[in-house]
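The values are calculated or read from the model by the stated rules, or taken from the named source; none is laboratory data. Nothing here was measured: the structure is a model prediction, and the numbers come from that model. Note: accessible area is taken over every heavy atom of the protein model, side chains too, but ligands, DNA and RNA are not part of it. Shrake-Rupley method; radii C 1.70, N 1.55, O 1.52, S 1.80 Å.
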Amino acid sequence: MPRKMHLAFNLSTTHMNGRWNLPGAWGDRTFPDVTLYEDVARIAERGCLDMLFSGDGTGVPDTWKGSRDDAVKWGVYFPRVDMNPVMVAMSRVTQHIGLGLTYSTTFMHPYYMARLMSSLDHLTNGRIAMNLVTSTRRSDAANFGFDQLMEHNRRYERMEEFVAVCHELWDATESDAMIWDQETGQVADPAKVHDVRFEGRFFKVEGPLNTPPAPQGRPVIVQAGGSPRGVQASARIADYVFGADMPRALQVKQRAALDAALIECGRDPDDVGVLWQTPIAVRETAREAQAYREMLRTSLTPEGVAVFLSYSDGYDFSTLPARFKLGELRAEIAATNATPNGLVHKLATKLGADTEVTREEFFEQGLLIATQYDLTVAGTPAQVADHLEEAFEATGSRGGFMFGQAIAVMADISAVVELLVPELQRRGRFRTEYRGRTLRENLSEK
Ligand SMILES: Cc1cc2nc3c(=O)[nH]c(=O)nc-3n(C[C@H](O)[C@H](O)[C@H](O)COP(=O)(O)O)c2cc1C
């Protein structure tokens, strides 16, 4: 029997970055109409997908020209809502599918987050995952009172301590502590609710949590760091990992680095799957799929592309000289503490660090990266399934894929469930029913 894949669907930018008004996207509805999310959840569960996921960031992009106007005008990473109530709404119309939320360990407090996740785990009957991010953007930091981004590695140290606090809080109440005895009126057993007195470098927290023990015990923790320090943090704290959409050779390299880091932590690499972000355009014919993918080329205005690129890398690209070397620009960006793995890094990897480009060439290439045109896998169900099987095997057959960013959300979720999932099921690569009770159980099914 071939190893089965796990599949997630990314809802982060369905209404932003030029995608909301493509045919098959939001139609007559506008963000944040909860009925669209409910419809997506029902369809996704019909396809037995593991998880619906949403990323997050709180800042309005203002790196391009030092202004937020083009971001607001063209809807680039704007507007957003906190997706936690939306996840609850999706959980009310489904029974099995997992729901992944994103929060920043650089800005949030672990007591609040541990309590929120425990509460959501109850409301969803054990289906919640939290994607922890360190936040790479200045405007997010400014929302929380920071003049500049905390240093990159220090953010990951804080993340690791943040998770240690959450673990202590989640574990402090034993799973059978609640009694709810109708006769005596006793609610819980005090002997099973333990002290927490955490004192670390970043946090001082006295517990315990006042929530009842959550169905999953500890909600599933996901992490998506792509730098060497980010991968190390994944090995230390993540149950599951999100991997970036990047050329396969880089994914193979990241999987090897993660495996080595997991072994160093005394963990079994087989226990930690990676869901590789994979943008797809799947249609019944290859010609239709290609035409669908072509929509990406004109989905964002030039200003929208510039906002996207500047925000993502934390660098105002309106200040670029007429010609420059990609490697030099990459070094300048890394020095700002955003991430050493941003879009210019991707471009330098693709075209060579010593390559000199003009401003115009930079924005042309940037469009292909910003819209994900470059890495979007377009084809028939069989062609896309071939691609996924090859990628799955090359990266060690543990985990699977997260489809996204969606091009047009309703059209994409339907295509995944109606065209791609049946093809993967025929090949014995994907489940035909949910077996586990919780998201953690469904994700760990080998
Ligand atoms: C699939 C995926 C989803 C991500 N979602 C978010 C997100 O919602 N918010 C965010 O600030 N960063 C997000 N990131 C960025 C990562 O958390 C991380 O910062 C990035 O990969 C750079 O790696 P580094 O932090 O190790 O330098 C995501 C990355 C990937 C691959």
For Gly400, residues with placed amide H under 5 Å, excluding near neighbours: His6, Val274, Leu275, Trp276
Any idea what angle helix 359-370 forms with the longest principal axis of the chain, computed on alpha-carbon atoms, 0 to 90 degrees, nearest 10? 40
For the chain, report the accessible area per residue in Å² (1.4 Å probe, heavy atoms, rounded to an integer). 42
Give, to the nearest whole percent, the P(r) tail of the chain beyond 30 angstrom, counting all Cα pairs. 44
How about Lys325: which aspartates and glutamates have a C-alpha closer than 17 Å to its C-alpha, ignoring those fewer than 8 places off in the same chain? Asp313, Asp316, Asp354, Glu356, Glu360, Glu361, Glu364
Only helices counted: for the chain, with every DSSP H run of 4 or more residues adding -39500 (n - 2.57) and the sum spread over all residues, [θ] at 222 nm is -12000 deg cm²/dmol
Derived scalar couplings ³J(HN,Hα) [the stretch 103-109; Karplus, 6.51 cos²θ - 1.76 cosθ + 1.60; whole Hz; x for Gly, Pro]: 9, 9, 7, 7, 10, 7, 9
Give me the angle, in degrees from 0 to 90, between the Cα long axis of helix 302-313 and the longest principal axis of the Cα atoms of the chain, rounded to the nearest 10. 50
Karplus-derived 3J(HN,Hα) from phi for the stretch 129-134 (6.51 cos²θ - 1.76 cosθ + 1.60, θ = phi - 60°), whole Hz, x at Gly and Pro, runs 10, 10, 8, 8, 10, 8
Compute the long axis of helix 34-46 from its Cα atoms, compare it with the longest principal axis of the Cα atoms of the chain, and write down the angle in degrees, 0 to 90, nearest 10. 80
Would you work out what percent of the accessible area of the stretch 301-370, with all protein chains in place, is carbon or sulfur (probe 1.4 Å)? 53
Accessible-area value, Leu258, 1.4 Å probe, nucleic acids and ligands omitted, Å²: 10
